[in-house]
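Asker: My questions all concern the structure below.
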Amino acid sequence: MCGITGFIDFNRQTSPTILTSMTDSMMHRGPDGSDTYFHQNDAFQLGFGHRRLAIIELSDLGKQPMRWNDLIIVFNGEIYNFAEIKQTLEERGHQFISHSDTEMILHAYQEWGSDCLKHFIGMFAIVIFNETTHELFVARDRAGVKPLFIYRHNNLLLFASELKAFHEHPNFEKQLNIPAVHAFLQYGSVPTPHCIFDFCEKLAPGHYVHTTLSTADFSWNPIQYWNVYDAYNSPKWDLSIDEAKIETEKILQSACEYRMVADVPVGVFLSGGYDSACVTALLQKDRTEALRTYTISVPDIGLNEAPYAKDTARHLGTQHTEIECSAQDAIDLIANLPFYYDEPFADSSAIPTTLVSKIARQNVTVALSADAGDEVFAGYNRYEMILKYGEKLNKIPGFARKGLAGMMNWIPANSIPVLKHKYNFPQRYEKTKSILRNSSSKNIMLSLSQLFTDEQVRKLCLHEFKQLKTYYDSTELKDESPLAFAMAMDYQTYLLDDILQKVDRASMSVSLESREPFLDHRLIEWAARLPDNYKFRDGEKKWLLKEIVHQYIPKSMMDRPKMGFAIPIEDWLKNELREQVNHYLSQKTIEKDGIFKWSEIEQLKTAFFHGKKEYGVKIWYLLCFQMWKEKWG
């Protein structure tokens with residue numbers, strides 16, 4: 001795990017000093033060392049920079065940028081099955097000098113070219129340069145666990161694990177991408193492959209670029225080598241529940257064991273939920289040495305799964321650490337969020353995720369988390385809503401649904417007796433109208449996923465509203481199942497742009513490597529083809545996963561409502577964060593920036609501070625954006 005950055009400059013105006021500044025801007029991603037590579041010829045300059053967090057091959061033999069023959073690499077991530085691939089390459093005549101997955105990648109690329117990606121089980125962002133042929137190879141892992149930002153403008157290409165590296169280059173033009181601002185207001189993050197700045201993009205997961213740096217207008221055509229929709233579009237497995245349970249556990253076991261490979265201490269984040277309990281149980285069951293598990297609690301904000309996690313740890317026999325934090329500990333992190341989340345990001349669970357990472361880093365360098373269990377095994381409440389209401393709505397004739405939506409247009413939400421006083425009723429009223437007009441799975445998912453509706457963004461923003469093309473617009477998914485559609489969409493959107501970005505920045509802010517067994521591509525390729533009712537059965541979410549867990553932990557210990565990482569953001573905004581709200585969302589600041597309409601901001605603030613608690617999340621989104629803009633805009 002580390003931070004990588006670099007440039008290709010056909011203007012030949014980039015110095016090694018600039019490269020060093022770009023690299024060191026991400027020191028938190030790699031405190032164990034830093035190095036750069038600089039190449040110059042008559043056509044262009046090229047530089048690679050690397051900040052190292054030493055996990056495998058702790059000696060200098062694991063340093064990057066790494067050279068082998070005429071190939072130079074910078075690489076962020078881990079190839080968990082590198083030992084097996086290395087053995088295959090040795091059988092083909094390759095010789096190695098280190099125990100490093102980075103060195104293995106160079107040899108694999110030499111042997112198979114871009115097809116080397118098919119051999120890798122892991123998380124990665126890879127950039128390789130061939131000094132002789134001037135070929136450039138850039139790749140990102142299948143799920144998008146590791147970030148990779150790209151900037152292309154005026155004969156200059158920049159790449160980095162985090163956007164902050166770009167700001168260190170004097171020729172980086174940080175023009176705000178207004179449609180990306182609009183998308184952020186809707187989703188709380190900027191959807192892939194888009195970026196908050198013009199001329200910037202994120203390399204999409206499961207894609208690579210293979211090009212030759214011959215002239216300044218060299219081709220840049222990302223090629224997809226893996227697609228989660230291929231698994232969902234494949235025929236469902238014809239197998240019994242017992243067979244499904246055995247094979248699923250086998251793949252999960254393999255995914256977990258691979259992620260324990262390290263030359264440094266490894267721990268596991270353990271909450272009171274099924275996903276982390278599954279990871280912990282599978283790893284501990286055949287071990288004599290106790291796993292290190294970690295739980296955080298913040299009792300004074302109602303975030304306290306610690307007693308449940310403690311019971312699980314005691315039952316499984318782990319070496320458990322429970323840390324209690326205060327609300328103030330959490331609030332104190334907020335001021336630094338814009339530095340680490342250097343693209344606007346509004347998921348407030350970034351706060352407790354950073355807290356638990358900070359605590360774990362005191363004892364371990366690697367921590368396993370259980371992200372993606374909900375996307376792979378159907379754990380979200382919205383899946384139940386789609387299955388429960390989507391089918392019923394589609395039985396109503398289209399003209400009747402649209403007629404009802406038309407009637408609702410004439411009846412404002414705030415004029416309906418009793419209901420108008422219900423929490424978040426106006427927002428739910430608008431979403432209901434949208435779903436009545438179009439009850440497709442796509443529209444239901446969009447309505448459930450967006451905070452600000454299209455119309456609300458138009459009212460709030462000064463610039464013309466333009467819809468970005470996102471994975472929601474994909475037509476690749478052929479599976480007609482509403483559950484499969486929702487899960488595949490979440491895998492490509494919410495998981496990618498929210499969960500994975502949150503965990504990467506939170507863990508790397510304290511130089512901790514986070515590993516996610518549920519994101520092993522073999523698992524989603526298997527689980528996507530399981531029958532729907534193996535995942536969602538008789539109203540029970542994550543049914544098959546729970547059946548596996550119950551083999552190791554009694555159901556009576558696990559059967560309770562899911563808590564998650566919710567924090568009382570509305571209360572904080574009214575009290576501890578009120579000064580920040582009034583500063584960042586002041587008339588002077590809003591009018592100076594020229595992005596939002598002050599009259600709309602003022603109306604939102606007034607309503608919120610006079611009791612409309614449901615507006616709190618919108619205020620939080622706006623506050624996060626304004627804090628980001630002051631730091632980076």
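We did not get these values from a lab; they are worked out from the coordinates using the rules stated. Everything numeric here is computed off the predicted structure, so don't read it as measured data. Note: ideal-geometry Cβ built from the backbone for every residue, glycine included; neighbour counts use all protein chains shown.
Asker: When ranked by the protection proxy of mean other Cβ atoms within 10 Å per residue, highest first, what sequence do the peptides 200-213, 499-512 form?
Answerer: Order by mean packing, descending: 499-512, 200-213.
Asker: While we're here: Along the charge dipole of the range 2-226, pointing to its positive end and built from +1/-1 on Cβ of Lys, Arg, Asp and Glu, which listed residue (His194, Tyr109, Gly93) has its Cα farthest out?
Answerer: The listed residue farthest towards the positive side: His194.
Asker: Sort by residue number and name the cysteines in the chain that have no neighbouring cysteine Cβ under 4.7 Å.
Answerer: Cys2, Cys116, Cys256, Cys278, Cys325, Cys461, Cys624
Asker: Can you give me the Rg/Rh ratio for the range 568-633, using Cα atoms for both radii and the Kirkwood formula for Rh?
Answerer: 0.94
Asker: Treat every Asp and Glu Cβ in the range 281-375 as -1 and every Lys and Arg Cβ as +1, leave all other atoms uncharged, and give the resulting dipole magnitude about the Cα centre to the nearest 20 debye.
Answerer: Dipole of the range 281-375, to the nearest 20 debye: 520 debye.
Asker: Would you mind ranking Arg437, Arg314, Arg51 so that the residue whose beta carbon has the fewest other beta carbons within 10 Å leads the list?
Answerer: Ascending number of Cβ neighbours within 10 Å: Arg314, Arg437, Arg51.
Asker: Going Cα to Cα from Lys63, which lysines come in below 21 Å? Please leave out same-chain ones fewer than 8 positions away.
Answerer: Within reach: Lys86, Lys146.
Asker: Let me ask you something else. Dividing the Cα convex hull volume of the chain by residue count, how many Å³ per residue is that?
Answerer: It comes to 163 Å³ per residue, whole-number rounded.
Asker: Assuming R0 = 25 Å, can you tell me the calculated FRET efficiency for the pair Met407 and Ser474, based on Cβ-Cβ distance, to the nearest 0.05?
Answerer: The pair Met407/Ser474 has a calculated efficiency of 0.15.
Asker: Just list whichever of Lys250/Lys388; Lys388/Lys605; Lys431/Lys612; Lys459/Lys613; Lys466/Lys613; Lys431/Lys588 have alpha carbons separated by over 24 Å in the model shown.
Answerer: Lys250/Lys388; Lys388/Lys605; Lys466/Lys613; Lys431/Lys588
Asker: Now for a separate question. Can you give me the relative contact order of the chain as a percent, contacts being Cα pairs under 8 Å and 6 or more apart?
Answerer: Result for the chain is 16 percent.
Asker: Continuing with the same structure: Whole-Hz ³J(HN,Hα) for each residue in the range 59-65, computed from phi via Karplus 6.51 cos²θ - 1.76 cosθ + 1.60 with θ = phi - 60°, x for glycine and proline: what do you get?
Answerer: Coupling constants for the range 59-65: 6, 5, 5, x, 5, 10, x Hz.
Asker: Determine the sum of side-chain charges near Ser25: Lys and Arg each +1, Asp and Glu each -1, restricted to other residues whose C-beta is under 10 angstrom from that of Ser25.
Answerer: Result for the neighbourhood of Ser25: -1.
Asker: Please give every one of the lysines within straight-line cross-link reach of Lys245, meaning a C-alpha to C-alpha distance under 19 Å, and leave out same-chain neighbours fewer than 8 residues apart.
Answerer: Counting by Cα, and skipping residues close in sequence, Lys245 has these lysines nearby: Lys236, Lys285, Lys535, Lys541, Lys542, Lys546, Lys555.
Asker: Suppose every K and R has +1 on its Cβ and every D and E has -1 on its Cβ; what is the size of the dipole of the range 2-226 about the Cα centre, in Debye to the nearest 20?
Answerer: In debye, rounded to 20, the range 2-226 gives about 520.
Asker: Taking the Cα atoms of the range 104-173, report the difference between the largest and smallest coordinate on each principal axis, in whole Å and largest first.
Answerer: The Cα atoms of the range 104-173 stretch 38, 31, 16 Å along their principal axes.
Asker: Can you give me the long-range amide H partners of Ala290? Hydrogens built in the peptide plane at 1.01 Å from N, cutoff under 5 Å, separation of 5 or more residues or another chain.
Answerer: Sorted by chain and number, the residues that satisfy this come to none at all.
Asker: In debye to the nearest 20, how big a dipole does the chain give about its Cα centre with +1 on each Lys and Arg Cβ and -1 on each Asp and Glu Cβ?
Answerer: About 2420 debye.
Asker: Please turn the phi angles of the range 325-332 into ³J(HN,Hα) values with the Karplus equation 6.51 cos²θ - 1.76 cosθ + 1.60 (θ = phi - 60°), one per residue in order, whole Hz, x for glycine and proline.
Answerer: My calculation for the range 325-332 gives 10, 9, 4, 5, 4, 5, 4, 5 Hz in order.
Asker: Out of Ala262, Cys278, Ile241, whose Cα points farthest toward the positive end of the dipole of the range 241-301 (charges: +1 Lys, Arg; -1 Asp, Glu; placed on Cβ)?
Answerer: Ala262
Asker: With the crude spin-label approximation of a point 7 Å out along Cα→Cβ, what separation in nm comes out for Asn221 versus Met260?
Answerer: So the label points at Asn221 and Met260 sit 4.6 nm apart.
Asker: Arrange His521, His169 by Cβ neighbour counts within 10 Å, fewest through most, would you?
Answerer: His521, His169
Asker: Kindly provide the helix-only [θ] at 222 nm of the chain, computed as the sum of -39,500 (n - 2.57) over DSSP H runs of four or more divided by all residues, to the nearest 500 deg cm²/dmol?
Answerer: One gets -11500 deg cm²/dmol as the mean residue ellipticity at 222 nm.
Asker: Something else: Grab the other residues whose beta carbon is less than 14 angstrom from that of Phe44, score K and R as +1, D and E as -1, and report the net.
Answerer: It works out to a net charge of -3.
Asker: If you don't mind, another one. Each residue of the range 521-535 in turn: what ³J(HN,Hα) in whole Hz from Karplus with 6.51, -1.76, 1.60 and θ = phi - 60°, glycine and Pro shown as x?
Answerer: Computed from phi, the couplings for the range 521-535 are 5, 5, 6, 5, 5, 7, 5, 4, 9, 6, x, 3, 6, 7, 9 Hz.
Asker: Give me the orientation-averaged projected area of the Cα convex hull of the range 2-226, in nm², one decimal.
Answerer: Mean projected area of the Cα convex hull: 11.8 nm².
Asker: Projecting each Cα onto the charge dipole of the chain (Lys/Arg +1, Asp/Glu -1 at the beta carbon, about the Cα centre), which of Ala484, Ile323, Leu393 comes out farthest on the positive side?
Answerer: Looking along the dipole axis, the top candidate is Leu393.
Asker: Order of Leu496, Leu545 from fewest to most other C-beta atoms within 10 Å?
Answerer: Lowest to highest Cβ neighbour count: Leu496, Leu545.
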